[in-house]
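Q: The structure that follows is given in the form of structure tokens.
The values are calculated or read from the model by the stated rules, or taken from the named source; none is laboratory data. Please read these numbers as outputs of a predicted model, since none were measured by experiment. A quick note on method: Cβ atoms are made from the backbone with ideal geometry, for glycine too, and the neighbour counts reach across all protein chains shown. All accessible areas refer to the heavy atoms of the entire protein, side chains included, with ligands and DNA or RNA removed. Shrake-Rupley method; radii C 1.70, N 1.55, O 1.52, S 1.80 Å.
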Amino acid sequence: MTLEATENTALPALDDELWLDYHRLLETVVEQADPGPAADGWEYRERERVSAWVRHVYEHPLSPAVFAAPVSLVRAAAERVEAAELGHRMDVGRGAARPSKPTAATRAVAAVAAMRAMTADALAQSPRPGRERVVSDVWTVVRETIAPPSERHALPFHRTRSTW
């Protein structure tokens, strides 16, 4: 687990072990912030998780190096796990967040990719935008990706038993 200075940049090179340690800590921080499935609705739960994720990434000193590094197999696997977990929470909470097309899994992949890309972009800016602005912007995009406003406020269609 070593940090090595890379050529032509002030960012450290991350080996897979250090990268995994970073993401284990990130996962722990998000789990501690998770109010659980009994929370005040799916949106509140996901907002708390996304906010904790962005805040931790924004403040961690290794984040600029983590998000500037090329995508490795380990990083790609971690992103798939994040998307799969979000997709599962979306499926479980289908009563409120009910995407039909694209699927919950597809929306989860897009939401995780947007969250990571937006946070990485903010980390790369000089000066950085305010942390809470980034938290708010990321949550807005994730929420609209998970359940666009038209779907969040639409009434579910119910047909009577003997129709059709």
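Q: Having 2 or more residues that are modelled with pLDDT of 80 or more is the bar; report the helices (runs of 4 or more DSSP H) wholly within the stretch 56-164 that clear it.
A: Helices (runs of 4 or more DSSP H) meeting the threshold: 63-68, 73-92, 104-124, 131-146.
Q: Right, here's the next one. Go through the stretch 55-75 residue by residue and tally those that are among the aliphatic types (A, V, I, L, M) and open to solvent by 40 Å² or more (accessible area, probe 1.4 Å).
A: Matching residues across the stretch 55-75 total 3.
Q: Being surrounded by fewer than 17 Cβ atoms within 10 Å (Cβ to Cβ), of a type in the set (Val, Ile, Thr) and either in contact (Cβ under 8 Å) with a residue 24 or more places away in the chain or under 18 Å from residue 148 (Cα atoms) (or both): is that true of residue 134 here?
A: Considered against the rule, which asks whether it is surrounded by fewer than 17 Cβ atoms within 10 Å (Cβ to Cβ), of a type in the set (Val, Ile, Thr) and either in contact (Cβ under 8 Å) with a residue 24 or more places away in the chain or under 18 Å from residue 148 (Cα atoms) (or both), residue 134 comes out as no.
Q: Output yes when any residue across the stretch 32-40 is at pLDDT 90 or above and not in a loop (DSSP other than H, G, I, E, B), and no when none is.
A: yes
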